[in-house]
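Inspection log for the structure reproduced underneath, given as C-alpha cells.
Read-outs throughout are calculated quantities, based only on the coordinates presented, and are distinct from any laboratory measurement. Nothing here was measured: the structure is a model prediction, and the numbers come from that model. With ideal geometry, Cβ positions are generated from the backbone for all residues, glycine too; neighbour counts draw on all protein chains shown.
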Amino acid sequence: METSRFGGTPKGGIKRLTLSDEDKRVRDWFKEQCAKLGCTVQVDEVGNMFATRPGKRKDLMPIAMGSHLDTQPTGGKFDGVLGVLGGLEAMRTLVDMGYETNAPIMLVNWTNEEGSRFAPAMLCSGVYAGVFTTDFAYSREDRLGITLGDELQRIGYKGDIKAGEVKFQAMFELHIEQGPILEAENKTIGVVTGVQGMRWYEVTVTGQESHTGATPMGLRKNALLAAARMIDAIHEVGMCNLPGVASVGLIENRPNSRNVVPGEVFFTVDLRHPDEAVLDKMESQYRAALPRIASDLSVRFEEKRIWISPAVKFAPELISCVRVGAEQAGYPARDMASGAGHDAAYIARVAPTTMIFVPCLGGISHNESESTTLEECGAGTQVLLNAVLAHDRSLA
Ligand code: HGY
Ligand code: MN
Ligand code: MN
C-alpha cells in the first residue's frame with residue numbers, strides 16, 4: 001500500500017513501467033529499506049538489485065527471495081510487488097527476532113519482468129540466467145524508440161557488476177496466482193511446481209490506405225479487416241488446444257483515421273501451453289491461418305517470433321520446503337503450475353528455484369482492480385519465511 005504511491009493511478013492500480021521515473025523512485029525506496037536492515041545492496045549491469053543479509057557461515061552462498069517491482073500500464077498493487085515486499089517483511093522479521101541464519105539471505109528485484117514497455121518479458125532475469133546477452137537487453141526499444149540501456153543510465157541503475165556474477169544457491173518467489181484456482185478451491189497457498197511454455201510473436205499486416213467513401217468494398221486492401229480475422233483465428237487456436245491460451249494484446253492501426261481504409265496494422269501474439277509439443281502445434285496452426293486470410297483479402301504480412309520461454313519444472317527439494325512451510329503455518333495448500341510467466345522461470349535454469357502463490361480476488365490480475373487480503377499477503381509471507389528457514393536448516 002505504501003509503495004503504491006510510486007505510480008499509483010486514480011483507479012487504485014499502479015502504472016510503474018520498467019525504468020520509468022516511478023520505477024526509479026520505488027527502487028530508491030527499496031534500496032533505503034534494505035540498507036536500514038543492515039543489508040548490502042548490489043546493482044548489476046541490467047539494473048537487477050540484490051540486497052544481502054549476512055549469515056553465520058561465509059562459506060555458504062545466499063538463499064534468495066525475489067520478484068519484480070515493475071508493473072503493467074494498468075497494473076495492480078500486488079503482481080511482483082508482493083514477492084519483493086513479502087521478502088522485505090521476512091528480512092525485517094529475521095532482524096527483529098535477531099535470528100541468525102546459516103546462509104546469508106538475499107532479496108532480489110529483477111528488472112523488466114513484465115515485458116510490457118520493453119519486450120520480451122523476464123528480460124533481465126533472462127540476462128542473469130544467460131538466456132539473453134546484456135547488449136540485446138540494452139538494445140530493446142519501447143514503442144517510442146527509447147532503449148532499455150539509455151533508460152537504465154538515465155535513472156542511475158546501470159550497475160557495474162556483470163549480470164550473473166552475484167551468486168545465490170536457491171531462489172523462492174512469492175507471487176499472487178493471477179488466476180482463479182486457489183480462490184475457487186478455498187486454498188490459501190499454491191505450491192507451484194513449474195511454469196507453462198510461452199511464445200511471443202509480432203505481426204505487421206500491409207494493405208493499402210484508401211478513401212472509405214470512394215473505394216468500393218471489393219477493391220479494398222483492408223489491413224484492419226485482415227488483422228481482425230487473424231485475431232479471431234488466433235483465438236480459435238487457443239480454444240482448440242485447451243488448457244492452452246492464445247491472445248492478442250497490443251494492436252496499432254495506421255493511419256487510424258475515421259475515413260481512411262487502414263493500410264497497416266501491427267499486433268502482438270501470445271501463445272502458452274504446459275506441453276512444448278502442443279505449443280509447437282499451436283504455433284503451426286497460427287502460422288497456417290495468416291497466409292490464407294492475407295490472400296483472401298489481398299494484403300501482405302510479415303510475422304516473426306520474438307520470444308520463446310520453454311515450460312519449466314521447479315526444484316523438488318525447494319517445493320518440499322514450501323509444502324513444509326505451509327503445513328507449519330497451518331494453511332490449506334495445493335500443487336499447481338503457473339499460467340503466468342515469472343522471473344523464477346529463467347532463474348530455475350541457473351539455481352534451484354520454486355514459487356509460492358496466494359489467491360487474488362476473482363483471479364483478476366494485470367488489472368487496476370487487482371486485490372488480495374492482508375491475511376493472504378501475511379500467509380504467503382509466512383510460508384516464504386518458513387520455506388527459506390527450512391532450506392537454511394537443511395544446510396546446517
Ligand atoms: O506475461 C506474463 O506472464 C508475466 O506477467 N510477465
Ligand atoms: Mn509478475
Ligand atoms: Mn505481470
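To the nearest Å, what is the center-to-center distance of region 129-164 and region 187-216, using C-alpha atoms only?
Distance between centres, Cα-based: 25 Å.
Return the sequence-ordered ³J(HN,Hα) values of region 3-14 in whole Hz as given by the Karplus equation 6.51 cos²θ - 1.76 cosθ + 1.60 applied to θ = phi - 60°, using x for Gly and Pro.
Calculated HN-Hα couplings, in order: 7, 5, 6, 8, x, x, 10, x, 7, x, x, 9 Hz.
Name the residue, out of 197, 218, 115, whose mean-square fluctuation peaks in a Gaussian network model built on the chain with Cα pairs under 10 Å.
218
Set the Förster distance to 56 Å, then compute FRET efficiency between residue 96 and residue 153 from the Cβ-Cβ distance, nearest 0.05.
Values: r = 37 Å, r/R0 = 0.67.
The pair residue 96/residue 153 has a calculated efficiency of 0.90.
Contact order normalised by length for region 180-307, with contacts defined as Cα pairs under 8 Å and 6 or more residues apart; what percent is it?
Details: 230 pairs, mean separation 48.6, N = 128.
For region 180-307, the relative contact order is 38 percent.
Straight-line reach only, C-alpha to C-alpha below 16 angstrom: list the lysines that residue 77 could link to, leaving out same-chain residues fewer than 8 apart.
Excluding near neighbours in sequence, the set is 11, 15.
Is the C-alpha gyration tensor of region 53-191 telling us rounded, prolate or oblate? Criteria: a/c under 1.5 is rounded; beyond that, a/b larger than b/c is prolate, otherwise oblate. If you can, show how the numbers build up before the last one.
On the way: a/c = 2.17, a/b = 1.22, b/c = 1.78.
It is oblate, given that a/c is not under 1.5 and a/b is not larger than b/c.
From the phi of every residue in region 126-141, what ³J(HN,Hα) in whole Hz does the Karplus formula 6.51 cos²θ - 1.76 cosθ + 1.60 yield, where θ is phi - 60° and glycine or proline is x?
Karplus-based 3J(HN,Hα) across region 126-141 equals x, 5, 4, 8, x, 7, 10, 7, 4, 5, 4, 4, 4, 7, 5, 10 Hz.
Once every DSSP H run of n ≥ 4 in the chain is given -39500 (n - 2.57) and the sum is divided by its residues, what mean residue ellipticity at 222 nm do you get, rounded to the nearest 500 deg cm²/dmol? Intermediate results must be reported in sequence, preceding the final value.
Details: 11 runs with 136 residues, N = 396.
That comes out to -10500 deg cm²/dmol.
Can you compute 3J(HN,Hα) from phi for each residue in region 310-315, using the Karplus curve 6.51 cos²θ - 1.76 cosθ + 1.60 with θ = phi - 60°, rounded to whole Hz and x for Gly and Pro?
3J(HN,Hα) across region 310-315, in whole Hz: x, 4, 10, 10, 8, 6.
Just the projected area, averaged over all directions, of the convex hull on the alpha carbon atoms of region 136-245: how many nm²?
Working: hull surface 54.3 nm².
Projected over every direction and averaged, the Cα hull of region 136-245 covers 13.6 nm².
What are the residues whose amide H is under 5 Å from the amide H of residue 9, where those residues sit 5 or more places off or on another chain and H is modelled from the backbone?
14, 15
Suppose R0 equals 41 Å; then what is the FRET efficiency for residue 313 and residue 206 from their Cβ-Cβ distance, rounded to the nearest 0.05? Walk me through the numbers before you get to the answer.
Numbers: r = 41 Å, r/R0 = 1.01.
For R0 = 41 Å, the calculated efficiency reads 0.50.
Which net charge results when you count Lys and Arg as +1 and Asp and Glu as -1 among the other residues whose beta-carbon is under 12 Å from that of residue 321? Write out the running numbers ahead of the final one.
Details: positive: 323, 393; negative: 317, 327, 392.
Cβ neighbours under 12 Å give a net charge of -1.
Suppose R0 equals 22 Å; then what is the FRET efficiency for residue 394 and residue 40 from their Cβ-Cβ distance, rounded to the nearest 0.05? Working shown, then result.
On the way: r = 25 Å, r/R0 = 1.13.
Given R0 = 22 Å and the Cβ-Cβ separation, E is 0.35.
Antiparallel DSSP bridges in the chain: what percent, to the nearest 5?
On the way: 46 of 67 bridges.
Expressed as a percentage, antiparallel bridges in the chain total about 70.
So, in nm, how far is label residue 61 from label residue 281 when the simple model puts each one 7 Å beyond its Cα toward the Cβ?
3.8 nm
Considering only DSSP states other than H, G, I, E and B, which chymotrypsin sites (Phe, Trp or Tyr not before Pro) in region 58-126 qualify as loop sites with at most 15 other Cβ atoms within 10 Å? Present the calculation step by step, with values, prior to reporting the outcome.
On the way: sites: 78, 99, 110, 118; in loops: 78, 99, 110, 118.
Passing both the DSSP loop test and the Cβ count: 99.
In region 194-275, what trypsin sites (Lys or Arg not before Pro) fall in a loop by DSSP, with at most 16 other Cβ atoms inside 10 Å? Mind dumping the intermediate values first?
Working: sites: 199, 220, 221, 229, 258, 272; in loops: 220, 258.
Listed in order of number, the matching sites are 258.
Under the Cβ-under-4.7 Å rule, which cysteines of the chain stay unpaired?
Those would be 124, 240, 321, 360, 377, since no other cysteine Cβ in the chain comes under 4.7 Å of theirs.
Using only Cα atoms, find the angle between the long axis of helix 223-239 and the longest principal axis of the chain, and express it within 0 to 90 degrees, rounded to the nearest 10.
With rounding to tens, the tilt is 50 degrees.
Between rounded, prolate and oblate, where does region 341-389 land on the alpha carbon gyration tensor, with a ≥ b ≥ c its root eigenvalues, rounded for a/c under 1.5, else prolate if a/b exceeds b/c? Mind dumping the intermediate values first?
Numbers: a/c = 3.90, a/b = 1.37, b/c = 2.86.
Oblate.
Under 5 Å between amide hydrogens, which residues at least 5 positions from residue 194 or on another chain qualify, with H placed 1.01 Å from N in the peptide plane?
Under 5 Å from the amide H of residue 194: 314, 338.
Which semi-axis lengths, in whole Å and largest first, follow from the square roots of five times the eigenvalues of the Cα gyration tensor of region 90-133? Present the calculation step by step, with values, prior to reporting the outcome.
On the way: eigenvalues 203, 32, 4 Å².
Working from the Cα gyration tensor, I get semi-axes of 32, 13, 4 Å.
How large is the dipole of the chain about the Cα centre if only Lys and Arg carry +1 and Asp and Glu carry -1, each at its Cβ, rounded to the nearest 20 debye? Walk me through the intermediate numbers first.
Numbers: 41 positive and 50 negative charges, 70 e Å.
Once rounded to the nearest 20, the dipole reads 340 debye.
From the Cα gyration tensor of the chain, with a ≥ b ≥ c the square roots of its eigenvalues, which class applies: rounded if a/c is under 1.5, or else prolate if a/b is larger than b/c, or else oblate?
Working: a/c = 2.18, a/b = 1.80, b/c = 1.21.
Prolate, since a/c reaches 1.5 and a/b exceeds b/c.
Tell me which residues come under 5 Å, amide H to amide H, from residue 64 once H is placed; ignore anything under 5 positions away on its chain.
106, 169, 170, 171, 172
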